[in-house]
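Notes follow the structure.
Coordinate-derived values only; no laboratory data. Everything quoted here is computed from the prediction, not taken from an experiment. Heads up, the Cβs are rebuilt from the backbone with ideal geometry, glycines too, and the neighbour counts pull from every protein chain shown.
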Amino acid sequence: MTVPDVIVFDIDGVLVEVTESYREAIRATVRHFTGEDVSPGLIQKFKNQGGWNNDWDLTHRFIRDFGGDVPYNAVVDKFNEFFFGANGDGLILRERWIPRDGFFSELQIRSKFAIFTGRVRYELDPTIRRFAAHIGFDPVVTADDVANPKPAPDGLRLVQARHPESAIWYIGDTVDDARSAKLAGVPFVGIAAQSSPRYAELENALEENGAFAVLSDVNELPGLMKP
């Protein structure tokens, strides 16, 4: 496999550990509206099926499954209340940056970096400012920038347009990421953390949807790229 000129990173589950932020915001929002508890395993089950990249959509689905009749916008507002908090003190502060020190310095010898995430811009910006303001991601593609969200390839098409004639890899952790890469004709590297609920199921799903490698941690990527 050709070493990529451009590495495109998903954010959640790849560069940022979100079990205690996004995943917990799903659980807290469902609990608020229904009193029911959604297990991490059930959330991962839906993620592994594909089609549930948007956490607002998935939260709304769970609420409806539990018999709740709540307008979508009300679900989004409550989710964001848990996620951001009243003064930036919400679950977002529980996010953890995954790449080790020196990770990007090692990779940038051969590759440039870009981002394609399902987050909207106002969700992404605080995380980038907190953890990665010094890293030159170009472009940074969010859900605001595409007509069709993952698993559509629109975001990767924008990266390809920015870097024509470049070899590109996409690094993601969901079936929707893999399907997006396949539709764009971009080699895909899957991330399946061994601590993830339904780890083996996720690993198999990523492979079945075209991943040429599945890593347990993004920090294994430099080793994959060595001759």
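For the reader, a short list of remarks on this structure follows.
- A simple count of charges around residue 145, restricted to other residues whose Cβ falls under 10 Å of its Cβ and scoring Lys, Arg +1 and Asp, Glu -1, yields -1.
- Kirkwood Rh and Cα Rg combined as Rg/Rh, region 106-155: 1.01
- Gain on full extension, evaluated as 0.36 nm per residue between residue 105 and residue 32 minus their Cα-Cα distance, stands at 22.0 nm.
- Three-way shape label, region 55-189, alpha-carbon gyration tensor, a/c 1.5: oblate
- Straight-distance crosslink candidates among lysines, where the alpha carbon sits under 17 Å from residue 182 and sequence neighbours closer than 8 are dropped: 150
- A simple spin-label model places the labels of residue 20 and residue 144 2.8 nm from each other, with each point 7 Å out along Cα-to-Cβ.
- Computed about the Cα centre, the dipole magnitude for the chain is approximately 200 debye when only Lys and Arg (+1) and Asp and Glu (-1) carry charge, each at its Cβ.
- Residues listed by number, region 86-102, amide nitrogen under 16 Å from residue 133 label point at 7 Å toward C-beta: none
- Taking other C-beta atoms within 10 Å as the exposure proxy, 189, 75, 140 rank 140, 75, 189 from fewest upward.
- Ordered by the count of other Cβ atoms within 10 Å of each Cβ, fewest first, 107, 93 give 93, 107.
- Region 121-227: C-alpha gyration tensor shape, a/c 1.5 cut-off, then a/b vs b/c: rounded
- Exposure proxy ranking, count of Cβ atoms within 10 Å, fewest first, for 111, 166: 166, 111
- Antiparallel %, DSSP beta bridges [both residues in the chain], to 5: 10
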